[in-house]
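The values are calculated or read from the model by the stated rules, or taken from the named source; none is laboratory data. Quick caveat: nothing in here was measured; it's all calculated off a predicted structure. In this analysis, Cβ positions are derived from the backbone assuming ideal geometry, glycine residues included, and neighbour counts consider all displayed protein chains. The accessibility values were calculated without ligands, DNA or RNA, using every heavy atom of the protein model including side chains. Shrake-Rupley method; radii C 1.70, N 1.55, O 1.52, S 1.80 Å.
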Amino acid sequence: ERTSSVVSSSGPIAGGDGPLPIVGSILPVRWLDETLHEAEVLQVREKAGLPFEFYMHYLDYDRRLDEWVSLEKLDLAAYKIQMQEDKDKKDGNSTTGKRKSATRMTRNQKRKHDEINHVQKSFDEMDPTTAAAEREYEKHTKIKYINTVSFGVYKLNVWYFSPYPEEYGKVSHLYVCEWCLKYMAHPSSLKTHACAERQPPGREVYRKQSLSMYEVDGAKHKLYSQNLCLFAKFFLDHKTLFFDVAPFLFYILTEVDEHGAHIVGYFSKEKESVENNNLACICVFPPFQKKGYGRFLIEFSYVLSRLENKIGSPEKPLSDLGKIGYRSYWSWVVLHELKALGSDATVTIADLEESTGILQDDIVSTLQFLNLVKYWRGNHAICFTDKLIDELLAHKRFQDPKLRVDMRCVRWSPDIPTL
């Protein structure tokens, strides 16, 4: 495998037609559809015998799109113009200082843009403590070296950095066994990997037709749980649980066929949560998204809470994608509960918490999202009509889920010890 080295950013890199971009430069990058998108150079590397490569972060887009690009994809003409403008500005001759003001978004436009594109808040928009933590996190996870990963029959694009050990974390393509989740750097290692496992460890807690769920104790199956967290981090931006897995239970959702139980996603929860959180992390792997598995995992976390006679809530703060998933689930549950009760009934937030198992704070935020609650004389008052509930339920956003948890197929009880 060719060796590569990171190039210092202390000065311009010499190119055939002049200096090349350095770390911190912002310039347009050409995508496959020939559109140009502004991006910042986060790192530059040179592979032996190959041209320079630039690790780019696209402005106003989620970090999952960050990538290494070749020199040919950079709009160097625009970069030269920018350099000249910067030089003129430094010399006091700039006439373009206000050229971007005409396209500046209002705060409301920016909020909507960020919600649609799942853009994280800037450091200036965060409180000082959160901003400091985010800066430290970004410093250690800014550069993603692994671009793709082989997993079963799939070759997946990697979204985010995952802290695999050095000899594996710097390869461009990683190989992961879909059964035991062991990771390898070479295809030959995967071919000679004689894995006898055909299902997750632990005990099966749900089975309906080809859908199966396994409960895995992080303390009893430490290596499997660590490998699961490392692999899932490829598709999660803000989770840092990799090695301290002992306090957690993992609920692994699988599709079963004649070859075995293929993992499609999972959620984790603390064994003992002071705040009664019923979910710490949730992830559905890319090939299995848009099938209703995320919603199914969320519902299953609440099923477990109800069997424990607890009111549950996910660990906060939720990611942007997590907010979308939970908002959809909470809205569907609350709307159906209100429809069943009818507008003639007197309904309180506490009543909804008791009947749905959803925390009062989450119910309030959901009712506010649906515009079904008013704050009057120090209390939240639920305001709705039967017609309004029917109109909301007719909306595509609140359609019935593709999958539901069948309680007849749940094989779990708080009294049964975890394997």
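For this structure, a couple of remarks:
- Across the range 273-280, computed HN-Hα scalar couplings (Karplus, 6.51 cos²θ - 1.76 cosθ + 1.60, θ = phi - 60°) run 10, 4, 9, 6, 5, 9, 7, 9 Hz from first to last residue, x flagging Gly and Pro.
- Cα centroids of the range 259-303 and the range 368-418: 18 Å apart.
- Proximity of backbone amide H atoms, modeled 1.01 Å from N, is registered between Ser25 and Val41 at under 5 Å, excluding neighbours fewer than 5 places apart on the same chain.
- For the range 280-348, the Cβ-based charge dipole about the Cα centre amounts to some 200 debye (Lys, Arg positive; Asp, Glu negative; other atoms uncharged).
- For the range 331-413, the per residue solvent-accessible surface stands at 62 Å², with DNA, RNA and ligands left out and a 1.4 Å probe.
- Coupling constants for the range 355-360 follow from the phi torsions by the Karplus curve (6.51 cos²θ - 1.76 cosθ + 1.60, θ = phi - 60°), and in residue order they are 7, 9, x, 9, 4, 4 Hz; glycine and proline get x.
- Efficiency of FRET from Cβ geometry, Asp88 and Asp60, R₀ 25 Å, rounded to 0.05: 0.45
- For the range 178-268: rounded, prolate or oblate by the Cα gyration tensor [a/c cutoff 1.5]: oblate
- Between Gln399 and Ser210, the modelled label-to-label distance comes to 2.1 nm, taking each label 7 Å out from Cα in the direction of the beta carbon.
- Extended-chain gain in nm, criterion 0.36 nm per residue less alpha-carbon gap, Lys182 and Tyr154: 8.5 nm
- Length added when fully stretched, Leu388-Ile81, from 0.36 nm per residue minus Cα-Cα: 104.9 nm
- Restricting the range 203-253 to trypsin sites (Lys or Arg not before Pro) that sit in a DSSP loop and have at most 14 other Cβ atoms within 10 Å of their own Cβ leaves Lys220.
- With Cα atoms defining each centre, the range 153-206 and the range 308-329 are spaced 28 Å apart in the structure.
- Gain on full extension, evaluated as 0.36 nm per residue between Ser172 and Leu50 minus their Cα-Cα distance, stands at 42.4 nm.
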